[in-house]
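Heads up: the structure comes next, in structure tokens.
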Protein chains: 2
Amino acid sequence: MKFLGIILFLSLFSIVSADEKLNLHGLPRPLILEYPAIEVTSLDEAEVSVRCTSWRVAVEANNLNPWKTIPYECADYVKDYMMKKGYSIDLGMVYNEAREFARKVELSGDGKDVWVFDVDETLISNLPYYTAHGYGLEVFDHDEFDKWVEKGLAPVIESSLKLYQEVQGLGFKVFLLTGRKEEHRGVTVENLINAGFHKWDKLLLRSSEDHAKTATIYKSEKRSEMVNEGYRILGNSGDQWSDLLGAAVSLRSFKLPNPMYYIP
Amino acid sequence: MKFLGIILFLSLFSIVSADEKLNLHGLPRPLILEYPAIEVTSLDEAEVSVRCTSWRVAVEANNLNPWKTIPYECADYVKDYMMKKGYSIDLGMVYNEAREFARKVELSGDGKDVWVFDVDETLISNLPYYTAHGYGLEVFDHDEFDKWVEKGLAPVIESSLKLYQEVQGLGFKVFLLTGRKEEHRGVTVENLINAGFHKWDKLLLRSSEDHAKTATIYKSEKRSEMVNEGYRILGNSGDQWSDLLGAAVSLRSFKLPNPMYYIP
């Protein structure tokens, strides 16, 4: 029975994965869970934890296909990870590494050394939204999320604010590169300032002609423009691999943890 | 007291990190542990597990600076991970994703579609060696490791053999690209065959002029040569980020787990 449970558990990952592919670029749908009610109670808590950790490692190592929701069985695991110590410890680990790199890397001093930051789940946190929406268990709802963004209430990610201030103090130019749309510039600026980010050298939001592009393509193009303008991208912090990979990649990239959603 | 323990624990990561930098390219040294005997008994087992998981995630997400040994406090954690279920579950997760990609990606059918495989900790396992050498806790000893390699006894990684056979069946050319030196070609071929890998289209080992290069540079050069010969690298499997990043990167890369050692 336990063996059967494991098989069912693994099958679920495949079901989720196949489903994602079919609907990846589909319209936002209502917040309805889409998984068959398969009995997996034969897996004990420790087993679920090991398997959900494995899933999370695969997310962070960019091994997974595009995925649309977290595995149903990992709902409690992801909630605990986000709300207890795991997430903040991981953020601290990335912060320590990024700070050490920022202090050691050689700057030219000509004002062309850049650190790129993503915004959501990198500088500010949408955890209050995801807390009310299943920590990634619900299918993403653009309209609902937009309503949250427009409140401008996303709190600071403290370790990122520390890194932000540190790299500014070291002489980096700070460029913010976000998938948020240009229409949200006002509320984004207000939110960033309220969260403690008081100055930046560029804030790039997605214009209407960039809406159809994947984040990887859009961000690669924007980074390439920076490089063409003579900037050297030394550091890049983002919670999505689409913040970090593609063209004009940074000398070093820092992947902040995010097991709640995936942006291609 | 618990708080103090956490601080000491975090400090250790920093000490390890600073130490790595100083000795990264130093000569192999005797198998002596180099860490100060700091009392961390105030951290309970669950706390250590959370923090060592965070360290492992940072390894797999390529967030860490070059590191030379695993954190002292994570010795039991890494041993358990390798010997109990964690490692094999992670291998299975990567295998599932790679297989799914291999089946879906479009092949041209002109014999130029390639899957690149690393060898150590990707196709065959040096776990018997690391079992006898602290699972990454001991400073790497080239001479000792060479003696192990020359036995030709590294066992198969079963999930990788399955992927290997599957991609060959699908029509991929299979290129093996390893940091092992050319002098070890004979024993490597023998070891691979004994482990179940019976044919390949190229087996590239490190020649003497490539010895001083980092793995990232060496492997990027070799992949660039493949691309210049007209091959399309569609898949790449490796346990080190230096197997996967740099120039001529694969359409998709698969990072196999390895918390025991780091190759720049």
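What follows draws every value from the coordinates through simple rules; no lab data is involved. This is a predicted model, so every value here is computed, not measured. Please note: Cβ atoms are built from the backbone with ideal geometry, for glycine as well, and neighbour counts cover all protein chains shown.
For the stretch B:73-135, which trypsin sites (Lys or Arg not before Pro) pass both filters: DSSP loop (anything but H, G, I, E, B) and at most 11 other C-beta atoms within 10 Å?
Taking the stretch B:73-135 and a limit of 11 other Cβ atoms within 10 Å, the loop trypsin sites (Lys or Arg not before Pro) found are B:Lys84.
What percent does the relative contact order of the stretch A:195-264 come to when contacts are Cα pairs within less than 8 Å and at least six residues apart?
Once divided by the residue count of the stretch A:195-264, the mean separation gives 29 percent.
Under 8 Å for C-alpha pairs, at least 6 residues apart: give me the relative contact order for the stretch A:73-220, rounded to a whole percent.
27 percent
Run the label-point distances for A:Leu153 please: 7 Å along Cα to Cβ, every other copy, nanometres, shortest first.
When each copy's label point is compared with this one, the spacings are 6.4 nm.
Exposure proxy check: A:Met226, A:Met260, B:Met83 ranked by fewest other beta carbons within 10 Å?
B:Met83, A:Met226, A:Met260
What are the semi-axes of the equivalent ellipsoid of the stretch B:78-123, taken as the square roots of 5 times the eigenvalues of the Cα gyration tensor, listed largest first and rounded to whole Å? Spell out each step's value before the answer.
Numbers: eigenvalues 173, 34, 4 Å².
Each semi-axis is the square root of five times an eigenvalue, giving 29, 13, 4 Å.
Describe numerically, in nm with one decimal, the distance between label points set 7 Å from Cα along Cα→Cβ at A:Lys181 and at B:Lys112.
Each label point lies 7 Å from its Cα, and together they span 4.1 nm.
Any idea what Rg and Dmax come out to for the stretch A:92-170 if you just take the C-alpha atoms, in Å?
Taking only Cα atoms of the stretch A:92-170, I get Rg and Dmax of 16.1, 47 Å.
With a/c under 1.5 counting as rounded, go ahead and sort the stretch A:152-264 into rounded, prolate or oblate using the C-alpha gyration tensor (a ≥ b ≥ c being the square roots of the eigenvalues; past the cut-off, prolate if a/b is larger than b/c, else oblate).
rounded
Work out the count of Lys pairs in the stretch B:80-215 where the Cα-Cα distance is under 16 Å, with the pair 8 or more places apart or on different chains.
For the stretch B:80-215, the number of qualifying lysine pairs is 10.
Would the stretch B:55-103 count as rounded, prolate or oblate if I go by the C-alpha gyration tensor, calling it rounded below 1.5 in a/c and otherwise prolate when a/b exceeds b/c, oblate otherwise?
oblate
Tell me the distances, shortest first, between B:Asp44 and the same position across the other copies, using label points 7 Å along Cα→Cβ, in nm to one decimal.
1.8
Only counting other Cβ atoms within 10 Å, I'd like B:Phe145, A:Phe254, B:Phe117 sorted with the fewest neighbours first. Don't skip to the end; give the middle numbers.
Working: B:Phe145 17, A:Phe254 28, B:Phe117 25.
Lowest to highest Cβ neighbour count: B:Phe145, B:Phe117, A:Phe254.
Based only on other Cβ atoms within 10 Å, what is the fewest-to-most ordering of A:Ser237, B:Ser54?
Result, fewest neighbours first: B:Ser54, A:Ser237.
Take every Cα-Cα pair in the stretch A:65-218 and report what % of them are more than 19 Å apart.
That tail contains 60 percent of the Cα-Cα pairs.
Treating the point 7 Å from Cα along Cα-beta-carbon as the label, what are the nm separations from A:Lys202 to the other copies, to one decimal?
Going from nearest to farthest copy, the values are 3.6 nm.
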